[in-house]
Amino acid sequence: MDTDQNNIDTVIFDIGRVLVDFYPEDHLRSLGMDEEAVKKLMRIVFGEDWSAYDRGDYPTMAALKAAVIKKHPADEALVRRVLRPELVRIHVLRPDVGAYLAELKARGCRVYLLSNIANESFAYVRQFPFFSLVDGGVFSFRERVCKPDARIYRILLDRFGLSPARCVMLDDNPANIATAQKLGVRGVLFTTLSEARAQTEALLQA
């Protein structure tokens, strides 16, 4: 690759909704829940407390479950129905995105992960093939901070000696992209692989 100091040679991938599908709403509907229950659970389980779980404030799903039930005792049965160990299986590999990551690696790019993810979710998704290809990663449950907080980006950049000007990040969350750009990292908002690939390739070839 071109050794120019501003040439992008590093691609940073988010995990959820990029390398791995993660759609809790669909999971809740698959359990036969009506839309009222889905909306309630998205608020009381997959809202602020889920973010705290990703941040490592709750070290286990059992701890998360206990906290949510304490806050919402009237919904204990619903919460217990959802927060079960098998919930990690809603993380479903996207082979097409994983194949693009592998292609970038084979072409000489450095590839990293930067993800808001809980301990047990991480333990499940690390079985997927892309984990063996990456040069490193930073994960919220370990660092006790989540995107879009700039601190977790700086941890990644500093730990692996990455130059922001030589990095592009693929993420599905506009707020996460905005922070990356403020730090000098190029951002590609992930909607579809074809669009993300086209934007990433344009940056790599610039």
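The values are calculated or read from the model by the stated rules, or taken from the named source; none is laboratory data. Nothing here was measured: the structure is a model prediction, and the numbers come from that model. Virtual Cβ from ideal backbone geometry, glycine too; neighbours counted across all protein chains shown.
Answer with yes or no whether residue 17 is modelled with pLDDT of 95 or more, under 30 Å from residue 201 (Cβ atoms) and either touching a Leu at 6+ places or on another chain (Cβ under 6 Å) or surrounded by fewer than 18 Cβ atoms within 10 Å (Cβ to Cβ) (or both). Answer is yes for this residue. When residue 190 is tested against (1) under 21 Å from residue 55 (Cα atoms); (2) touching a Leu at 6+ places or on another chain (Cβ under 6 Å), just one condition goes unmet, and that condition is (1).
The residues in segment 148-170 that are farther than 19 Å from residue 51 by Cβ and either surrounded by fewer than 19 Cβ atoms within 10 Å (Cβ to Cβ) or assigned by TED's automatic domain parsing to the domain that holds residue 51 (or both) can be counted, and the count is 9.
Taking the conditions (1) in contact with a helix residue (DSSP H, G or I) (Cβ under 7 Å, 6 or more places away or on another chain); (2) crowded, with 18+ Cβ neighbours inside 10 Å; (3) closer than 22 Å to residue 138 by Cα in turn, residue 50 satisfies each one other than (1).
Every condition in (1) free of Cβ contacts under 8 Å to residues at least 12 places away in the same chain; (2) touching a Phe, Trp or Tyr at 6+ places or on another chain (Cβ under 8 Å) holds for residue 127 except the one numbered (2).
Within segment 36-73, the residues that satisfy the criterion of being more than 17 Å from residue 23 (Cα to Cα) and of a type in the set (Ser, Thr, Tyr) are 58, 60.
Within segment 10-48, the set of residues being over 22 Å from residue 147 (Cβ atoms), of a type in the set (D, E, K, R) and part of a loop (DSSP other than H, G, I, E, B) comprises just one member, 34.
When residue 23 is tested against (1) over 24 Å from the mean Cα position of the chain (by Cα); (2) more than 30 Å from residue 166 (Cβ to Cβ); (3) touching a residue at least 24 places away in the same chain (Cβ under 8 Å), just one condition goes unmet, and that condition is (1). The listed residues are 105, 70, and the only one of them that is closer than 30 Å to residue 33 by Cα and basic (Lys, Arg) turns out to be 70. Within segment 104-125, identify whether any single residue is surrounded by fewer than 18 Cβ atoms within 10 Å (Cβ to Cβ), assigned by TED's automatic domain parsing to the domain that holds residue 176, in contact with a strand residue (DSSP E or B) (Cβ under 6 Å, 6 or more places away or on another chain) and assigned to a helix (DSSP H, G or I), and answer yes or no. Taking every residue of segment 104-125 in turn, at least one turns out to be surrounded by fewer than 18 Cβ atoms within 10 Å (Cβ to Cβ), assigned by TED's automatic domain parsing to the domain that holds residue 176, in contact with a strand residue (DSSP E or B) (Cβ under 6 Å, 6 or more places away or on another chain) and assigned to a helix (DSSP H, G or I).
As for segment 171-188, it holds at least one residue that is under 17 Å from residue 113 (Cα atoms), without any contact (Cβ under 8 Å) to a residue 12 or more places away in the chain and assigned by TED's automatic domain parsing to the domain that holds residue 103.
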